[in-house]
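Let me begin by presenting the structure, written as structure tokens, before commenting on it.
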Amino acid sequence: MKTVVIAASGTLVGKAEPLSADDLARACGAEVEWVTQLVQVGIVQAQGSRPVDWRFHSGDLQRALETRRLERDFGACLDAAALILDLSQEVRQLRAQLRALDRSDG
């Protein structure tokens with residue numbers, strides 16, 4: 001029988017432990033310049049005045065990881081990824097509103 005060992009690591013991201021631009025880049029397998037482009041396009045919201053001071057939270061990490069997947073799997077440019085992410089979020093919100101309406105009519 002073959003034994004397979006899987007090792008995993010993770011990073012806890014919260015209000016008390018935000019990510020730096022370097023941390024966010026590393027978590028996504030990217031460079032800090034890519035994170036700078038994410039901020040410029042509006043995919044993530046940096047807290048801080050300069051890139052060295054920027055801090056990011058869990059929602060930013062999720063959006064950055066989704067952006068990497070869109071780039072890798074579909075060849076999406078950052079502008080297209082930003083649009084896809086925004087539209088996906090809007091669809092999720094509308095579905096949640098519909099579910100809430102269905103429950104209230106119930």
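Here are the numbers for this structure:
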| item | result |
| --- | --- |
| Extended-chain gain in nm, criterion 0.36 nm per residue less alpha-carbon gap, Glu31 and Ser104 | 21.6 nm |
| Karplus 3J(HN,Hα) series, Hz, for the stretch 70-86 with 6.51 cos²θ - 1.76 cosθ + 1.60 (x for Gly, Pro) | 5, 5, 5, 7, 10, x, 6, 7, 5, 4, 5, 4, 4, 5, 4, 4, 5 |
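We did not get these values from a lab; they are worked out from the coordinates using the rules stated. Fair warning: this is a prediction, and the values are worked out from it, not measured in the lab.
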